[in-house]
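Beneath this line is the structure, given in structure tokens, with notes to follow.
No value in this document is a laboratory result; all are computed from the given coordinates. In this text, all values refer to a predicted model and were calculated from it rather than measured experimentally. Cβ coordinates were reconstructed from backbone atoms using ideal geometry, including for glycine residues, and neighbour counts include every protein chain displayed.
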Amino acid sequence: MAPTSTSIESTIAFLSTFVPPSAIKHATSNSDMITVETTYAVAEAMLQNEYNLYSHGETGHKIARSMEYSLPEELADHVALVGPTTRFPKPSSSLPTVMDVEFGTKNTPDNLRELYSVHDVLGGASDKNIQAVTAFLGQYYSESDMDKFWDTQLPAGKGTPITLVGDATDGGRAGVESMLDIEYMPAMSAQNPTEFWGFSGASPQDKNDEPFLTWLEQMATTDDDKVPLVFSTSYGEDESAEVPSDYADRINAEFQKAALRGISILFASGDSGAASDTHTCPNDQFCPMW
């Protein structure tokens, strides 16, 4: 997956004619992703295009995009995509939120540990037993909620080491999804080092989608002896929201790289069944999750 030195050198040489070195960031350790912070005016000179501000007629959401872009011919074989450029997010409608729930009594840590034959086992024999959950879209970690969970649900798990990673981990309101994940992963594997990876922002495809690439950049630059070997991610989108796109291809490549490193990534299978998050089957076809 690593780019050739020629690809890196050619790309950096091109960028350096427009921006200072401090504006160029190697987003991954092998430089297969490079980010540049600059103005739209410089970006237009670099990409031989024109950016305009587009506004969604119903939501009022504004984004800057261009209808095309180009790079010198000598870069054609080295660069897979440049963004944000021509990709527009697909319009989405907000669905009403309905909460009419009878809380059951059986999804407790004790009951789940029995169902999965974990029983009373705590901790592990290897210092590589690092596990992590991910959080996006304003879902934060709460230490007080975590302490209350241990006190009321699994006192034996109290003291499980929990590390926060990322630029959006705490300081906001505790997230329902994020706290569910960070409570029940160590509940099933208590006393193993556990990490909470939280990130701000959104997908460039759609402001309602998760910034998966930000998480994967962090994973790619974390050393093998420190990276969690299991990630649990309770987030997904209708495949049609992100696929096909060069952005999705880039993320899928990062997933493959993680697998080659021995990292397992577990995803929610989707809360909406075969009818997508919109509860419809477009063109009478089931909608897979991505």
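Structure data summary
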read-out: Low-density loop cleavage sites - GluC sites (Glu not before Pro) in the range 24-65, where at most 12 other Cβ are within 10 Å (DSSP); value: Glu37, Glu50, Glu58
read-out: Reported label for calculated percent of Cα pairs over 27 Å apart given (i) 51; (ii) 55; (iii) 45; value: (i)
read-out: Amide proton proximity set for Val230, modelled H, under 5 Å, gap of 5+; value: Ala132, Ser264
read-out: Length-normalised contact order of the chain in % [C-alpha pairs under 8 Å, at least 6 apart]; value: 15
read-out: Folded to 0 to 90 degrees: helix 143-153 orientation relative to the chain principal axis, Cα; value: 30
read-out: Separation in nanometres of the label points that stand 7 Å from Cα toward Cβ, at Asn129 and Ser55; value: 5.7
read-out: Sorted by Cβ neighbour density within 10 Å, fewest at the top, the residues Thr39, Thr221; value: Thr39, Thr221
read-out: Reachable lysines from Lys148, criterion Cα separation under 19 angstrom, eight or more residues apart if same chain; value: Lys106, Lys158
read-out: Antiparallel bridge percentage (DSSP; both residues within the chain; nearest 5); value: 35
read-out: Theoretical ellipticity at 222 nm over the chain - DSSP helices of four or more residues, -39500 (n - 2.57) apiece, nearest 500; value: -8000 deg cm²/dmol
read-out: Using θ = phi - 60° and Karplus 6.51 cos²θ - 1.76 cosθ + 1.60, couplings along the range 195-212 (whole Hz; Gly, Pro as x); value: 10, 10, 9, x, 9, 8, x, 8, 5, x, 6, 7, 5, 8, 9, 7, x, 4
read-out: Normalised contact order of the range 149-230, rounded percent, pairs of Cα under 8 Å and 6 or more residues apart; value: 30
read-out: Computed FRET value (nearest 0.05) for Ser240 with Thr6, which takes r as the C-beta separation and R₀ as 30 Å; value: 0.25
read-out: Local electrostatic count, Glu58, Cβ distance below 15 Å [Lys/Arg +1, Asp/Glu -1]; value: +2
